[in-house]
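Just below is one structure, and these are the notes that go with it.
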Amino acid sequence: MSRSESVKTDDSISKTIIDIKYQNATSGSSFVSFSLAENGTEKLWSFDKFTILVTYDADIGGISTSTTEEFIYNSAQAFAQSGFSTGSLQFARPNSDVSPGNWEDASGGDNDTFLYDEINESVRNDVNYARSLSLIPPVTTTDIWTAGLSSVIDPETSSNHIVSYVYRKSGSTSDIDITTRLMQGVTLIDSWKHSTVASSFTLAQHTLNATAANSITDYSNLRLEFTATARNVGLGTSGDISWAQLQVPPQPGAVYDCSSTSISSGQWTIDRITSDNLDPKILNSGEAWKSLHKTNK
């Protein structure tokens, strides 16, 4: 078994091609940088098993002296601090009324019969809102409004899909629930409910799980559906929505930046990873380090 593993590792190494270029250093800084890419048929990213030997002419006491430094990779410290994507987050905001139901914008909006423009501000604003029909069980218990969302580019990742919106109850004695659905056309992506809604505006932020996010195949055909449901007999009660949006990660090709990571002398770390929005802490096939940072001993 040991011999088999050894042969397998040797084979992987023989198919591994490491391309190092763009070496540079800044005067007064203890960092030296370069770009590293894995261009072989095997992607061998077990950097904890590697050290880097750097030989250079050092100025020691005014004398140019050939010096070799040994740098060790520390995966735990390499990502000791959170990185961030330098790409811009994308926002899908309401841009149409696919099916307004009996919701209206006369009470809290501009009374132009278009509902979506009451809730599509880039920054939350509760001054204007759309309102459901005044629900009086058992005569009328439900009112559904479906708003179309602006198109975004498929981020090619299931992470950080966040539906945000602001809701409240308006009226008197009847309890009201608000159910929200994210739809792709007529296909349900995800659904959740707020029971016994309060009378003050409340921010909701729902993060899709991986299964729901991965089920999205057309980011140009997404919709938000709001259903107000009264649950007990009473005077008229409505549901209000004042703001809504869907946030998704940047489009593919953004850079994940880890340059704020602190490292110890004699170690090297990642400055940033290109083309990785899926999981920047795990290198996947085809990814490349961009500018590795190391400290001098």
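Taking the range 113-127 as the range and being open to solvent by less than 30 Å² (accessible area, probe 1.4 Å) and over 14 Å from residue 246 (Cα atoms) as the test, the residues that pass are 115, 118. Within the range 88-99, one or more residues are at pLDDT 95 or above, part of a loop (DSSP other than H, G, I, E, B), within 32 Å of the chain's Cα centre (by Cα) and closer than 16 Å to residue 242 by Cα. Within the range 183-196, the presence of a residue that is closer than 17 Å to residue 244 by Cβ, open to solvent by less than 10 Å² (accessible area, probe 1.4 Å), touching a strand residue (DSSP E or B) at 6+ places or on another chain (Cβ under 6 Å) and not hydroxyl-bearing (Ser, Thr, Tyr) is excluded.
Checked against (1) within 23 Å of residue 111 (Cα to Cα); (2) touching a Pro at 6+ places or on another chain (Cβ under 7 Å); (3) modelled with pLDDT under 95, residue 135 meets all criteria but (2).
Scanning the range 228-237 for residues that are open to solvent by 10 Å² or more (accessible area, probe 1.4 Å) and of a type in the set (S, T, N, Q), we see that the one that is nearest to residue 199 (Cα to Cα) is 229. Does residue 133 meet the test of being open to solvent by 50 Å² or more (accessible area, probe 1.4 Å) and closer than 13 Å to residue 228 by Cα? For residue 133, the condition - open to solvent by 50 Å² or more (accessible area, probe 1.4 Å) and closer than 13 Å to residue 228 by Cα - is met. Against the test of being touching a Lys or Arg at 6+ places or on another chain (Cβ under 7 Å), open to solvent by less than 30 Å² (accessible area, probe 1.4 Å) and touching a residue at least 12 places away in the same chain (Cβ under 8 Å), the options 145, 103 yield a single qualifying residue, 103. Please state which of the following conditions residue 260 fails to meet, knowing it meets all the rest: (1) open to solvent by 30 Å² or more (accessible area, probe 1.4 Å); (2) modelled with pLDDT of 95 or more. Result: residue 260 fails condition (2) only. Only residues that are surrounded by fewer than 20 Cβ atoms within 10 Å (Cβ to Cβ) and modelled with pLDDT under 95: list them for the range 153-164, please. 153, 154, 156, 157, 158, 159, 160 - these are the residues of the range 153-164 that are surrounded by fewer than 20 Cβ atoms within 10 Å (Cβ to Cβ) and modelled with pLDDT under 95. Of all residues in the range 216-227, those satisfying the criterion of being open to solvent by less than 50 Å² (accessible area, probe 1.4 Å) and over 30 Å from residue 106 (Cα atoms) are 216, 219.
The values are calculated or read from the model by the stated rules, or taken from the named source; none is laboratory data. This is a predicted model, so every value here is computed, not measured. With ideal geometry, Cβ positions are generated from the backbone for all residues, glycine too; neighbour counts draw on all protein chains shown. Note: areas computed on protein heavy atoms with side chains; ligands, DNA, RNA excluded. Shrake-Rupley method; radii C 1.70, N 1.55, O 1.52, S 1.80 Å.
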